[in-house]
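First the structure, in the form of structure tokens, and then the observations on it.
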Amino acid sequence: MVELKKLGRYEILEVLGQGAMGIVYKGIDPMIGRTVALKTLKTTGEVSEQQLTEFKRRFSQEAKSAGRLTHPNIVTIYDVGEEDGLAYIAMEFIKGSSLDKMIEDKKSFTTDEITTIMTQICEGLGYAHKNGIIHRDIKPANIALTEDGVAKVMDFGIAKIVSTSATQTGMVVGTPSYMSPEQITGRGVDNRSDIFSIGAVFYELMTYEKAFPGDNITTVMYRVVHENPTPINVANASMPTQFGPIIQKAMAKNPNDRYQDAESMALDIKSYKSNAMSGTQVINTSAFSGATVVMSSADVQNLMDKANAAATTATTLPPAQKKSPLKWIIAGCAVAAAVIVGLVVAPSSGPEKPIPTIGKGTAELKLSLNILEGTVRLDTLEFPIKTNQFTIPDISAGEHELVIKSDGFDEQRSKLLFADNEKKDFKIDLKWTPVKIPEGVDSAYITVTSKEMLKVTTNTGAMLGYAPFTRIPFPAGRHTLVFSRANYVSQVAEIDAKKKKEIKLAPALLAKKAPVVLANAPKGVLLYLNALADDNVIRPEKSGSYLVALGSQKLFIKADGFRTIEKQMNLDTTAEVRIDVKMDAVFGQIAITSNPDGADVYLDGQNIGKTPLIPAAACGLPRPPASCR
């Protein structure tokens, strides 16, 4: 192999790794002094033309897919090129190691480190999914961990852009041990296939064993499709019990039973840290009978004591599950503990306990939502949603049930545990319910861009969602769309959606306004909206009124010689509003002297004294104080 010194404009420093189809180099961009990783692909060699074409397509796909993504948990693509039969991608150089190498070395991770790694993987992939990209080959080898402990997803080489049909139907790509059942069987895949793979990585990170082991690909693939992995608490009894239901949900055989987006999985993983207090362990298991496991450290110890006693009755394992005697003792304890925990999780057959009210406390919940209308229910108290920012104060410490509903979206239901003075701040994206496309009707796509969040419906009232959104499927044909938002004038658009074509719309709604009249205001008064800045001045109409946008607004009324008035108003109708302006005069001071002294001083025809007058407070105003007289 000829030693490579340069590739494109990049200078080669050393070889980082080598595979069947190419080499990964460490290089430097001399133009800006940036260290990069150069992933290469031989475009000549002993492989068949068909194989080479496919590998080049995937290689190019990696650059196009990952090059669209900018996220702290995704490796950044800088450049792509080809030189002398060698294609290459210049990407972010990671100081650290791949996750598979760490698992192979059985590097010890704390529970918090695992939580952070898995949360970052979910957040990176969630971002990719929102940008229409499915990775399709999530595995420990494709996840790098920097020296600072930041997880980065890499190698989007077989990623499928949702908006294209680059992958042939029935073509299976990926790594069998981490592939979803639908991926193995050649069915259509979406972001939930990546979520299955995340679950498999999570499992391996905690156990140092694959979720679906096997001596050959056939065995592995059969197990992925037909079998469930050994329960996490059997494979590693030291792991928190909360992680079991998360992995179980992520690796459900049916995609509809999995997390529907990576952010929801991240939220459950993070709850291990944010909801743990005083040794209490909590996990939202709403997908499993709506129950919540809540165990104190004393409860855990009690369960383990019972598990140890139960383990003495165990004798053998099935052939495929044999372990060493020491591992079997640990596994036996974990099995018994899992059975006991299962009794805690399972729903009671007796009468349900009444849901408590939020009470009066010091905790607070803030929500950032992807909807503008609907309801939020915390225990028995229900609140209407009027904005995508929502706060519930004065929540008592303890467990509460949160339910969020909105037309056109799947219901969000979860359990939250609050400590005294705890403030939770969640960003919640409700899952949009896709528009049903009638049988025999072609699909088109709609993209709506807007600065403000807008409600988008058809003229029949069918909900499309809240803009901005990108390429949502929609029946082909002529339609009328209605764009609306509280306190804004609705806008209508007539569209003619063509088969497989994308329609792009950019509505700009006008705010509804109410006339505001400043009664008894002094001459030269100015009205400012929300800030005392020149750009925020509202000019009066010919009628003498000021048009102010509806909603919660802060008005500033200002006039020379008077104290500025601040007035918070909630304008909810377009009816005229009158403000009786009572402005306090600002009194200054005047010193009057003359030569010689003793000159008479008159103010508005009234003698107010003789010089020197030091000081004469606000003597130039219509009603001077007594000291001026």
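The values are calculated or read from the model by the stated rules, or taken from the named source; none is laboratory data. Just so you know, these numbers come straight off a predicted model, no measurement behind them. All Cβ positions, glycine included, derive from the backbone under ideal geometry; neighbour counts span all protein chains shown. The area values use the complete protein model at the heavy-atom level, side chains included, leaving out ligands, DNA and RNA. Shrake-Rupley method; radii C 1.70, N 1.55, O 1.52, S 1.80 Å.
Each principal axis of the Cα cloud of segment 558-598 was taken in turn, and the coordinate range along them, longest first, works out to 65, 15, 11 Å. As a length-normalised measure over Cα pairs under 8 Å and 6 or more apart, the relative contact order of segment 496-559 settles at 38 percent.
From Cα pairs below 8 angstrom and at least 6 apart in sequence, can you work out the relative contact order of segment 377-477, rounded to a whole percent? Computed value for segment 377-477: 22 percent relative contact order.
Kindly sort S180, S108 by accessible area of their heavy atoms, largest first, with the probe set to 1.4 Å. Don't skip to the end; give the middle numbers.
Numbers: S180 0, S108 95 Å².
Ranking S180, S108 by accessible area, largest first, yields S108, S180.
Under 5 Å from the amide H of G477 lie the amide H atoms of A497, K498, each residue being 5 or more positions distant or on a separate chain, with H modelled from the backbone and absent for Pro and chain starts.
Accessible surface of K498, taken over heavy atoms with a 1.4 Å probe and every protein chain present, rounds to 110 Å².
Report the extension gain between A591 and R9 in nm, rounded to one decimal, defined as 0.36 nm multiplied by the number of residues separating them, less their alpha carbon distance.
Working: separation 582, 0.36 × 582 = 209.52 nm, distance 7.72 nm.
Stretched fully, the A591-R9 segment lengthens by 201.8 nm.
Start at zero, step by 5 Å, and the Cα-Cα distances of segment 504-591 spread as 3, 13, 22, 24, 16, 9, 6, 4, 2, 1, 1, 0, 0, 0 percent across the bins.
Add +1 for every Lys or Arg and -1 for every Asp or Glu among the other residues with Cβ under 11 Å from the Cβ of L547, and state the total. Display every interim value, and only then the final one.
On the way: positive: K512, K513, R539; negative: E541, E576.
Counting the neighbours of L547, the net charge comes to +1.
With the cut-off at 18 Å, tell me which of the pairs K405/K427; K455/K554; K6/K26 have Cα atoms farther apart than that.
Values: K405/K427 15 Å; K455/K554 26 Å; K6/K26 11 Å.
Long pairs (Cα-Cα over 18 Å): K455/K554.
The Cα-based radius of gyration and maximum Cα-Cα distance (Dmax) for segment 178-234 are 11.2, 33 Å. Computed over segment 425-552, the quotient of the alpha carbon radius of gyration and 2.2 N^0.38 Å is 1.46. When you restrict to C-alpha pairs under 8 Å that are six or more residues apart and normalise by the size of segment 389-545, the relative contact order lands at 16 percent. With all protein chains in place and ligands, DNA and RNA left out, the 1.4 Å accessible area ranks E502, E14 as E14, E502, largest first.
The accessible area of T362, taken with all protein chains in place and a 1.4 Å probe, comes to roughly 70 Å². Rounded to the nearest 10 square angstrom, H479 shows an accessible area of 50 square angstrom against a 1.4 Å probe.
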